[in-house]
Amino acid sequence: MKSSKETRNTTPRRTFLKSAAAGAGLLILPSGTRIGAAAPSNKLNIALIGAYGRGLAFYDVISSENVVALCDVDEDHLAIAAERFPEARHYVDWRRCLEQDDIEAVVCCTTDHTHAFVTMWAMNRGMHVYCEKPLTNTVAEARLVRETYLANKDKLATQCGMQRHAHENFNRVAELIRDGAIGTLEDVHAWGDRQLPRPGYLPAEGEPPENLHYDLWIGPASFHPYNPGYFEGRPGMNCLQWNMYWEFGSGQIGDMGSHTMDIVWKAIKAGHPVSAEATGDPFNPEVTPVKLTATWEHPANDWRPAIKVTWHQGGAMPTSPRNYVDLEKIGHGAMFRGSKGVLVSDFTSRILIPGVDQADMTYYTPRSEDELIPPLGHFQHEWIDACKGDLKTTCDFDYAGTMTEQLLLGLVAYRVGEKIEYDGATGRVTNNAEANALLGREYRDGWVLNG
Ligand SMILES: NC(=O)c1ccc[n+]([C@@H]2O[C@H](COP(=O)([O-])OP(=O)(O)OC[C@H]3O[C@@H](n4cnc5c(N)ncnc54)[C@H](O)[C@@H]3O)[C@@H](O)[C@H]2O)c1
């Protein structure tokens, strides 16, 4: 059970709040509880960075809190958010926003290539963070974000926006796998069918509109000229206008891969892989592959042998376990193969196929009701409650950071075109110098990741 609102955790912003409150004429009680007209009790001071698009999905959730800051590179988007949160201060540059001293928690819904930046700056300032998926845009960023979270996990609540994790099907799948419903786990597959082919970065076209701070949108990426095509998607789907370009995103392995691999990740409890290899479309230096198959090897752990995990996208698919099961009908799915059967899952449902003559199911005992993994409830509220309570969430930056590191390592293997051996303890590829150079990225002058 999460702690109730009444047991809100002491925040690392305490010191600041004391001095700010003194200036604002507020009284701070020794327990850290603020009272005063401007400080409704027990509400979080939240900044929403990326205030439209996916940000819209947070309006209702954060409206129960104090939304004290809004940031968006598009002033028209800021104006929409300001109508809903009239008390908040406005920013176009998230670095200035994070200087606002009363912010306790940040929701980040910006482009993928800025996730790690906003997240690092916020955690470095003692702010809780909810960051949209994919958590980062490079392997090195994923490691830094995870390590920083782990060093601060007694102070910070974090959550990565893999909200499908709240589907109870994720729990049921994990239970079936862990309890041996398919026998000994042998290998695992996840896939996504989305295809968004692009030839390369969009050509220069016109000038950015006055409301858009295009240079801030580019942020730490190399400069690419403005084209309205990066911005013409509908709210919450505009990421599909830019997330296939290497500098701005990681394509479908990061996008839907973050959601779909989560079904797998919850069940297999994998740490770092020891290898990665991938094949797909011919390499394009500007655009991530549409078609891709990436495979990672995971060593044995205390409940299963070594396994292979494979991601398929853009037309690549695993082989169906039986010709009467058409995996192509499942747009985003996962398949677990074991010694006695197969489990196929989408986000909300699953089918179990005892696969061999001996698979009489006598080896499997379903859990009693009180042994089931409990539902986590509302995914975004889980984070808000954690900020005020025990700091624990299901998709924290340890869980999501490790998974994102693995997914993005698959793209590194794809780029070098051969199997790479990976040392998860050091975050280094041990057999390929070129791959090591691709774990991180150069940033544009003036942009500091760990700021
Ligand atoms: N969890 C999910 O199901 C889900 C669904 C959709 C999108 N997303 C994620 O949310 C993020 C945003 O996606 P989107 O489709 O809303 O994209 P978008 O291009 O519409 O951007 C969202 C908002 O952020 C603003 N923005 C962009 N860069 C910014 C910056 N550097 N600083 C401040 N504001 C900035 C944009 O102007 C826009 O208002 C992506 O990372 C995407 O993967 C997650």
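The values are calculated or read from the model by the stated rules, or taken from the named source; none is laboratory data. It should be emphasised that the depicted structure is a prediction, and the values quoted were computed from it without experimental measurement. Cβ sites come from the backbone with ideal geometry, for glycine too, and all protein chains shown count toward neighbours.
Is it true that THR148 is away from the ligand (no atom under 15 Å from the Cβ), modelled with pLDDT of 95 or more and among the hydroxyl-bearing types (Ser, Thr, Tyr)?
Spelling it out, THR148 is indeed away from the ligand (no atom under 15 Å from the Cβ), modelled with pLDDT of 95 or more and among the hydroxyl-bearing types (Ser, Thr, Tyr).
Take segment 309-323 and flag every residue that is of a type outside the set (Gly, Ala, Ser) and closer than 16 Å to LEU343 by Cβ.
Matches in segment 309-323: VAL309, THR310, PRO318, THR319, PRO321, ARG322.
Is there any pair with a first residue in segment 131-148 that is touching a residue at least 12 places away in the same chain (Cβ under 8 Å) and a second that is surrounded by fewer than 24 Cβ atoms within 10 Å (Cβ to Cβ) and of a type in the set (S, T, N, Q) whose Cβ atoms are under 7 Å apart and which are 6 or more apart or on different chains, and what are they?
From residues that are touching a residue at least 12 places away in the same chain (Cβ under 8 Å), the pairs are LEU144/ASN450; ARG146/THR402.
Looking at (1) free of Cβ contacts under 8 Å to residues at least 24 places away in the same chain; (2) surrounded by 13 or more Cβ atoms within 10 Å (Cβ to Cβ); (3) closer than 30 Å to ASP398 by Cα; (4) more than 22 Å from the chain's Cα centre (by Cα), which is the one condition that is false for ARG350?
Against the list (1) free of Cβ contacts under 8 Å to residues at least 24 places away in the same chain; (2) surrounded by 13 or more Cβ atoms within 10 Å (Cβ to Cβ); (3) closer than 30 Å to ASP398 by Cα; (4) more than 22 Å from the chain's Cα centre (by Cα), ARG350 comes up short only on (1).
Which members of segment 395-427 meet the condition of being in contact with a strand residue (DSSP E or B) (Cβ under 8 Å, 6 or more places away or on another chain) and polar (S, T, N, Q)?
THR404, GLN406
If you check CYS387 against the conditions, is it in a helix (DSSP H, G or I) and either touching a His at 6+ places or on another chain (Cβ under 6 Å) or modelled with pLDDT under 95 (or both)? Talk me through it step by step, then tell me what you get.
Working: in a helix (DSSP H, G or I): yes; either touching a His at 6+ places or on another chain (Cβ under 6 Å) or modelled with pLDDT under 95 (or both): yes.
For CYS387, the condition - in a helix (DSSP H, G or I) and either touching a His at 6+ places or on another chain (Cβ under 6 Å) or modelled with pLDDT under 95 (or both) - is met.
If we scan segment 242-263, do we find a residue that is over 16 Å from ARG415 (Cβ atoms), within 16 Å of the ligand (Cβ to nearest atom) and free of Cβ contacts under 8 Å to residues at least 40 places away in the same chain?
Looking through segment 242-263, none of the residues is over 16 Å from ARG415 (Cβ atoms), within 16 Å of the ligand (Cβ to nearest atom) and free of Cβ contacts under 8 Å to residues at least 40 places away in the same chain.
Would you please name the residue that is farthest from the ligand (Cβ to nearest atom), looking only at residues in segment 70-110 that are touching a Gly at 6+ places or on another chain (Cβ under 7 Å) and over 16 Å from ASN211 (Cα atoms)?
By that ranking, first place goes to CYS108.
Which count do you get for residues in segment 54-64 that are surrounded by fewer than 22 Cβ atoms within 10 Å (Cβ to Cβ), in contact (Cβ under 8 Å) with a residue 40 or more places away in the chain and of a type outside the set (A, V, I, L, M, F, W, C)?
Count: 2.
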